[in-house]
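Before any comments, here is the structure.
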Amino acid sequence: MARLIVATPGFPRDRPRRLRASRALRDLVAEARLDPSMLMLPVFVREGITRPEDAPGLEGHKRYPPESRELVEFIQEAMDLGVKSFLLFGIPSVKDETGSRAYARDGPVQAALRHIRRELGWEPVVATDLCICGYTSHGHCGIPRQGRRGAYIDNDETLKVYRRIAVSQAEAGADIIAPSGMMDGQVAAIREALDGEGFSDVAIMAYSAKYASSFYGPFRSVMDSAPRFGDRRSYQMDPRRRLEALREVYNDLAEGADIVMVKPALAYLDMISLVKESFPYAPLAAYNVSGEYALVKLAAREGIAEGAALMMEVLTAIRRAGADIIITYHAVEAARLLREGFNPF
Ligand code: PBG
């Protein structure tokens, strides 16, 4: 990477301020730029409701009935602003031990996806989150068992469920499957299941370096997916670890991931940078998570910062760190501002 060149004695004094003198000069030499097409918008669909309802804690977001006109309009509106990709999350009306609504043919994600394909065809890129925490009675991302240390999450039993979910999401029309449960070997298992059913063209976006974070709070309220016992620290990464992320990303790429991810984004910019520099050929997504979104909204509401400028600075920082794709609840708002030529820099 770039090396610092130290000026030799007698070298004319440098004047970096020359290129900061006007907006146009600053734009000319800006290194990190945002485009709506790199933003992926999370979308929530909920079984058993007839009207969209507010998503608690995620200002401006809603939970949509899977087969609703409002869902299609929301996606169409985002596409009109240049946002072309979506990440679907489903909330079932019944939860059980294995999260069976996650792989039901008529589950919330499957129903929404078929509806989107019927109404909008294949123009939107639709990724489906693959996990069971929102579908299970216990709120964990895997199947619990009793072991010698008490209850634990059984990795390989969980992979069996993930395989079924992957195939049912592909059948419903997913472009990209995004496993977020942090089970070991999840990418290999899903790749094998997809290929075995003739879905070799379905891509995998792996939540590779996903940390056990306190920034997921609003999302868990929206999904009703908080663990009912214990926590997720036995499967999500420890925030104190750095190089372990390279092992996770390496494994996912070796298992066949097409896109890898760092999550959260804003508090983990160093990890985005490290992963991009270590695996420059792998498309890298960063998930600007619900708690990070909520903090920006809170700061704006409290008058701590101008909301639009703060949002653009956050998204630009994630881009500058090395993300190729930013998954963000700000996507529609940011796309609209970019389209209007808004520039806080
Ligand atoms: C778990 C999952 C989480 C998020 C998406 N999928 C985290 C968790 O509950 O542990 C968080 C996304 C966000 O906070 O925006 N399958």
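Over the chain, all Cα pairs binned in 10 Å intervals from 0 give whole-percent P(r) values of 5, 24, 34, 23, 8, 4, 1, 0, listed from short to long. Here the chain is treated with +1 on each Lys and Arg Cβ and -1 on each Asp and Glu Cβ, and its dipole about the Cα centre works out to around 1140 debye.
Length gained on full extension, Asp154 to Trp122: 7.9 nm, using 0.36 nm per residue less the C-alpha separation. Placing a label point 7 Å from the Cα of Glu302 along the Cα-to-Cβ direction, the residues of region 201-216 whose backbone N falls under 20 Å from that point are 214-216.
For an R0 of 22 angstrom, estimate the FRET efficiency from the Cβ-Cβ distance between Phe229 and Asp270 and round to the nearest 0.05. The pair Phe229/Asp270 has a calculated efficiency of 0.10.
At 0.36 nm per residue, and after removing the present C-alpha to C-alpha distance, how many nm does the segment from Arg164 to Arg18 gain when stretched out fully? Result for the pair: 46.7 nm of gain on full extension. The angle between the Cα long axis of helix 186-196 and the main principal axis of the chain comes to about 60°, on a 0 to 90 degree scale.
The listed peptides 146-154, 80-88, ordered by packing as a protection proxy, come out as 80-88, 146-154 (highest mean of other Cβ atoms within 10 Å first). Projecting the Cα atoms of Ile327, Ala188, Ser22 onto the charge dipole of the chain, computed from C-beta unit charges around the Cα centre, puts Ser22 farthest toward the positive end. Other residues whose C-beta falls under 11 angstrom from the C-beta of Val332 contribute a net charge of -1, scoring Lys and Arg +1 and Asp and Glu -1. Peptides 240-250, 133-143 ordered by packing proxy, namely the average of other Cβ atoms within 10 Å per residue, highest first: 133-143, 240-250.
Projecting the Cα atoms of Ala111, Ala203, Leu298 onto the dipole axis of the chain, where Lys and Arg carry +1 and Asp and Glu carry -1 at the beta carbon, places Leu298 farthest toward the positive end. Across the alpha-carbon set of region 144-235, the Rg to Rh ratio works out to 1.00, Rh being the Kirkwood radius.
With the simple spin-label model, which puts each label point 7 Å out from Cα in the Cβ direction, the Gln146 to Leu295 separation comes to 4.1 nm. Estimated from helices alone, the mean residue ellipticity of the chain at 222 nm is -11000 deg cm²/dmol (sum of -39500 (n - 2.57) over DSSP H runs with n ≥ 4, per residue). In this simple spin-label approximation, Arg320 and Leu246 carry label points 7 Å from Cα along the Cα→Cβ vector, and these lie 2.5 nm apart. Between Ala30 and Glu197, the FRET efficiency from the beta-carbon distance, with R0 = 41 Å, is close to 0.35. Relative protection proxy for 204-210, 319-325, from highest mean packing down: 204-210, 319-325 (other beta-carbon atoms within 10 angstrom). Pairs of Lys residues in the chain, spaced 8 or more positions apart or belonging to different chains, with C-alpha separations under 16 angstrom: 4 in total. Taking a sphere under 12 Å around the Cβ of Ile165 and counting the other residues whose Cβ falls inside, with K and R at +1 and D and E at -1, yields a net charge of +3. Of all the options Lys160, Lys62, Lys95, the one that moves most in a Gaussian network model of the chain with Cα springs shorter than 10 angstrom is Lys160. Electrostatic bookkeeping for Asp201 treats Lys and Arg as +1 and Asp and Glu as -1; over the other residues with beta carbon under 11 Å from its beta carbon, the sum is -3.
The string of couplings for region 72-81 from the Karplus curve (6.51, -1.76, 1.60, θ = phi - 60°) is 5, 5, 4, 5, 4, 4, 5, 5, 4, 8 Hz, one whole number per residue in order, with x for Gly and Pro.
Values quoted throughout were computed directly from the atomic coordinates according to the rules given, and no laboratory measurement underlies them. Computed from a prediction, not measured in an experiment: that's the story for all the values here. So basically every Cβ, Gly included, is an ideal-geometry build from the backbone, and we count neighbours across all protein chains shown.
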